[in-house]
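Here is the structure we will look at, set down as structure tokens.
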Amino acid sequence: MSTSIVRTGISRSWCALAALTSALLASATAGAQTFTTQLPGSSTSPTAPIPNTICGAMTTRSYAAWQFNVATTGNYTFTVTKGAGSPGGLTLTLYQGVFLASNTCVNQWSSTVSAGGSSISTSSVLSPAGTFVLVIGGASAADTSNLTVTAAGPGTLTSICTDSTLDPSSQNVTNAGGMFSTTYSPAVGCGSWTTSGVPAWVTGVPAAGSGRATINYTVAANGGATRSASITIGGQSLFVRQSASCMTTLNPMSTTVAAAGGGGSFMLTGTAGCAYTASTTTPWIRNVAPANGTGSATITFMVDANTGPARTGTITAGGQTFTINQPSGCAYTVNPVLLTPTAAGGAQMVRVETAAGCPWTTSTAAPWITGLPANGAGAANVAFNVAANTGPLRSGSIAIGGQTVSVVQADGCAPRLDPASRSVGATAGASSVMVNVGAGCAWSMSSTAGWLVPSAMNGTGPLSVNYTYSANTGARRAASLVVGGSLHNVDQAAAGVMDSGVIVDSGVIVDSGVIVDSGVIVDSGVIVDTGVVTDTGVAVDSASADDAAIDAGEPADASETDSASDASSASDSSTLDSAIDAATRADSSAVADASTTSDAAADGGTSNGGGACGCRTPARSSSSRGGALLALAALGAALRRRRAPRAC
């Protein structure tokens, strides 16, 4: 019968009856034989919708198939016994010719279902001779593994060993190689097996074996191109494919791209046939191409402009790393670029502007600029201090992020002359003054008068300066040495008078009520004619002294006293001046006459030597110096009379 015929209905029954009759006849003549085999154990049994009856309702089951040849037709009984670990029920279905998992109704011969138990049996007349398939179905893969099949019938059933399996039947191996395994499951009746086609780079595959077996093998590392082998085990093929060594190199391994960005490339060299990929996770590296390929290639890329600090990115190509370095794109500005602190110094601040994350450092060579932070990042205010300046104008600078800020501090030189003043005598002499000023401060000195001459007209830093002054032949005078805004005043006494108030020539200190300075006699606000004091003393004319000398007694008549008083009241010194002039008009030769001088000493012309109140005028010396002294005494007495009423 054709294997493609579907047996259904009455036609199948007639065929079965004819086959049964033929089988019985054959059995009666040939005798019964038993065939026992072990189905392969597998946890990966295939599944298919197996009919529960002849082309009836179907249930998807795991199954194991035994394909065999029938040489002697007749009735055969098949018994299937489950091994340990096969808990579910079984079905037995016979097919003539081939079993099509895609259409399990085609070629169906018989069907038997068992709800449970450890074994199941079915009997069927197999006729005509040819190929049949016994399909054993179960609820799970465990139900169709580790099964024992017994076939009894009039003839010998020959297994078709092409139904043996290898699991897995192919293996992909990297170039590094490694250890792998496959399981050979022979078909029912295919007990022994052999192997062939094993290459030298695969080891561990046995030359022969029997029954079901797990075969462990080792694949050596591949140092060349891709290779493959087809190994035959019990008539089944194991396909092993190993990739090439793919030793990829990059040239160069790194590069530097300018801060402005731009494109670049590198060479990937790989084994022919070796696959590669090229990619990056760096956001500022773009357009990496080609993204994949085999063998060798030139990999190109683009880099974005950098406006921040220096950065590094990578591209991975063929398992190798290509490094891209990009320098800083940071730009820095500072404001202000010029600072002009006062001489007092103090806190200062500069603003630096740059992108976030851009680092900067600071520096200065000026020791009077302190407090600068060593470094920073991003935009910031940079504070520092400028010390007080006690010297000349000075300048320095600070660098921030490569930018320069100039610092020009005002002049701190404030020269001071010590002492501020000095009084000197009328004679020529010398002295000194100290110029106190900061180191390095330049100064110049000037004099306000020609008779005051410094030894140095200019200098730098502190210095003691000597000076000279010429003799004074006239009235009291003053002049100054000037440095900057500071003065040293020199006050010089009048000719013949020291600044102490002592009459130089005579050595006599004038009455305590009279101050002598620069030739001017001052008494209670009355300025006496400067002709009184002379270089040689006061000469009194003996003839005039009798008429005008003023002594300790009262004037000769009231008119003279009134005149002196009126002169004091009216600030008119003419009367007193007349008396003084009279005393001073005499020359020194007249002083020698003692009798004349004695007569002139009488008060108001009184010859008895006594005044109105009996006061006596002291006797005059016969010498010229004595006469001068008497004249001065008389002048003092006159001045005292003007100050207060007479005691007598």
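Within the full protein context, the accessible area of Arg241 is estimated at about 100 Å² for a probe radius of 1.4 Å. The mean accessible area for residues of the range 181-309, using a 1.4 Å probe and ignoring ligands and nucleic acids, is 46 Å² per residue.
Note on the range 225-291: with neighbouring protein chains present and a 1.4 Å probe, carbon and sulfur make up 55 percent of its accessible heavy-atom surface.
Which FRET efficiency value, to the nearest 0.05, is calculated for Ala439 and Met349 with the Förster distance at 35 angstrom and r the Cβ-Cβ distance? List each step's numbers first, then the result.
Details: r = 29 Å, r/R0 = 0.84.
Result of the calculation: an efficiency of 0.75.
Between Thr282 and Thr460, full extension at 0.36 nm per residue minus the direct alpha carbon distance yields a gain of 57.6 nm.
Is the shape of the range 282-387 best called rounded, prolate or oblate, per the rule: a/c under 1.5 gives rounded, else a/b larger than b/c gives prolate, else oblate, with a ≥ b ≥ c the square roots of the Cα gyration tensor eigenvalues? Cα axes put the range 282-387 in the prolate bin.
Quick check on the range 147-270: of the DSSP beta bridges with both residues there, what percent are antiparallel, nearest 5%? Mind showing how you got there, number by number?
Values: 27 of 31 bridges.
Within the range 147-270, antiparallel bridges account for around 85 percent of the total.
Between the beta carbons of Thr298 and Ala272, assuming R0 = 22 Å, the FRET efficiency works out to 0.85 to the nearest 0.05.
Taking all Cα pairs closer than 8 Å and separated by 6 or more residues, the relative contact order of the range 251-401 comes to 20 percent. Counting 0.36 nm for each residue step from Asn375 to Thr473 and taking away their Cα separation leaves a gain of 28.0 nm. Relative contact order of the range 150-262, taken over Cα pairs closer than 8 Å and 6 or more residues apart, is 29 percent. The stretch between Ser102 and Thr150 holds 14.5 nm of extra length on full extension. This uses 0.36 nm per residue minus the Cα-Cα distance. Taking a point 7 Å from the Cα of Ala428 along the Cα-to-Cβ direction, the residues of the range 476-496 with backbone N closer than 20 Å to it are 476-481, 490-496.
In this structure, Arg227 and Thr47 have a Cβ-Cβ separation that, at R0 = 35 Å, corresponds to a calculated FRET efficiency of about 0.45.
In this simple spin-label approximation, Phe239 and Asp167 carry label points 7 Å from Cα along the Cα→Cβ vector, and these lie 2.0 nm apart.
The values are calculated or read from the model by the stated rules, or taken from the named source; none is laboratory data. None of these values were measured; they are calculated from a predicted model. A quick note on method: Cβ atoms are made from the backbone with ideal geometry, for glycine too, and the neighbour counts reach across all protein chains shown. Surface accessibility is based on the protein's heavy atoms, side chains included, excluding ligands, DNA and RNA. Shrake-Rupley method; radii C 1.70, N 1.55, O 1.52, S 1.80 Å.
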